[in-house]
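Student: Input: one structure, supplied below.
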Amino acid sequence: FENKTMGFSLWSLFKAGLLMTNALMVLNRPRFLAKYGLDDVNNMTVDPTTRPLQVQAIGLLQAVQYLKVPVIVANCITILFEMILGGT
């Protein structure tokens, strides 16, 4: 019986960040986030200065949409490394 545990490394942090970025990218803002008011800053029901954390979350979700091509490249590199090196 072999005990395999995931080590705390830069590669593990990179994969975790990539996984979170992928999760944010697949969210369909109008469909899933509109009911929470996170689809667009202009559609907020309250003054944006009173909800700065909500405005930051909306900004993050909008910024992630511009990372499609770099995230696709990072996914391909990660998959290749995991296949070649026998991922953990």
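The values are calculated or read from the model by the stated rules, or taken from the named source; none is laboratory data. A quick note: this is a predicted structure, and the numbers were derived from the prediction, not measured. Counting neighbours? That spans all protein chains shown, and the Cβs are built from the backbone with ideal geometry, glycine included. Side chains are part of the model used for accessible areas, which takes the heavy atoms of the whole protein and leaves out ligands, DNA and RNA. Shrake-Rupley method; radii C 1.70, N 1.55, O 1.52, S 1.80 Å.
Student: What pairs can you find where one residue is in segment 63-88 and in contact (Cβ under 8 Å) with a residue 40 or more places away in the chain, the other is of a type in the set (A, V, I, L, M) and in a helix (DSSP H, G or I), and their Cβ atoms are less than 6 Å apart, with a gap of 6+ or different chains?
Tutor: The qualifying pairs are V64/L24; V64/M25; A74/L18.
Student: Could you please let me know if L19 is open to solvent by 90 Å² or more (accessible area, probe 1.4 Å), modelled with pLDDT of 75 or more and more than 13 Å from the chain's Cα centre (by Cα)? Reasoning before the result, please.
Tutor: Numbers: open to solvent by 90 Å² or more (accessible area, probe 1.4 Å): yes; modelled with pLDDT of 75 or more: yes; more than 13 Å from the chain's Cα centre (by Cα): no.
It is false that L19 is open to solvent by 90 Å² or more (accessible area, probe 1.4 Å), modelled with pLDDT of 75 or more and more than 13 Å from the chain's Cα centre (by Cα).
Student: Pull out all pairs, ordered by first then second residue, where Cβ-Cβ is under 9 Å, the residues are six or more apart or on different chains, the first lies in segment 14-40 and is at positive phi and outside any helix (DSSP H, G or I), and the second is open to solvent by 50 Å² or more (accessible area, probe 1.4 Å) and not small (G, A, S).
Tutor: G37/N43; G37/T45; G37/V46; G37/R51
So that you can scan it fast, the table gives a plain yes or no per residue for (1) at pLDDT 75 or above; (2) surrounded by 12 or more Cβ atoms within 10 Å (Cβ to Cβ):
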{"residue": "M6", "(1), (2)": "no, no"}
{"residue": "N43", "(1), (2)": "no, no"}
{"residue": "G59", "(1), (2)": "yes, no"}
{"residue": "V64", "(1), (2)": "yes, yes"}
{"residue": "N75", "(1), (2)": "yes, yes"}
{"residue": "E82", "(1), (2)": "yes, yes"}
